[in-house]
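The values are calculated or read from the model by the stated rules, or taken from the named source; none is laboratory data. Keep in mind the model is a prediction, meaning the values are calculated, not measured. Quick reminder, even Gly has a Cβ in these numbers, built from the backbone with ideal geometry, and neighbours come from all protein chains shown.
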Amino acid sequence: MRRNRRGRSLILLVCVALLGALLASGATVYALRGRSSHSGAQEAAHPAPRKLEPPVTLGEILVNLADQDALRYCKLTVAVEIGNPAMREKAKEFEPILKDRIIGVLTRRTFRSLHNPGALPKLKEEIQAACAERLPQLEIGEVYFDAFAMQ
């Protein structure tokens, strides 16, 4: 009879373990289905990103900064996204205007204003706005720095 009780206890233990495993796998499937249906709704709410074209490189720019106490300069290599596909071919023709706008933004900045956390993203926004204001037909997108150095 004692052996029979152990057998029943073992069977009961195995059944509880199987039931626990079954519940855990069911919860996992439920959670994954919930996430996938939620992400599908999220994808429908956000349109697919536009096709990313390679940015147009404007080359290296060397600029004196606005510091009065010392001679400071900034040397950078800039590239910009051109959103208008029809204007991508002509973007090089506008390079002098784009560089002039970039130089105009940079010469108003000091070493200290550029040597702060968060300064480069703000600088990129200013450059983008200045270029887009002058050449709206290019539909200037993101501004990228391939290289950036100050002294």
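Looking at L98, L76, L106, which is the one that is touching a Lys or Arg at 6+ places or on another chain (Cβ under 9 Å) and either surrounded by 14 or more Cβ atoms within 10 Å (Cβ to Cβ) or aliphatic (A, V, I, L, M) (or both)? Let's see the steps before the verdict.
Values: L76 fails: touching a Lys or Arg at 6+ places or on another chain (Cβ under 9 Å); L106 fails: touching a Lys or Arg at 6+ places or on another chain (Cβ under 9 Å).
Matching residue, one of L98, L76, L106: L98.
Please give the helices (runs of 4 or more DSSP H) falling wholly within the stretch 77-151 in which 1 or more residues are more than 19 Å from L62 (Cβ to Cβ), over 22 Å from the mean Cα position of the chain (by Cα) and not aromatic (F, W, Y). So that I can check it myself, show each step before the final result.
Working: elements: 85-88, 95-106, 111-114, 119-134.
Of the helices (runs of 4 or more DSSP H) lying wholly inside the stretch 77-151, those with at least 1 residues that are more than 19 Å from L62 (Cβ to Cβ), over 22 Å from the mean Cα position of the chain (by Cα) and not aromatic (F, W, Y) span 85-88, 111-114, 119-134.
Could you list, ordered by first residue, the pairs with Cβ atoms under 6 Å in which the first is in the stretch 128-151 and in the same structural domain as I61 (by TED's automatic domain parsing) and charged (D, E, K, R) and the second is surrounded by 14 or more Cβ atoms within 10 Å (Cβ to Cβ) and not in a strand (DSSP E or B), at least 6 apart or interchain?
R134/R101; E139/G83; E139/N84
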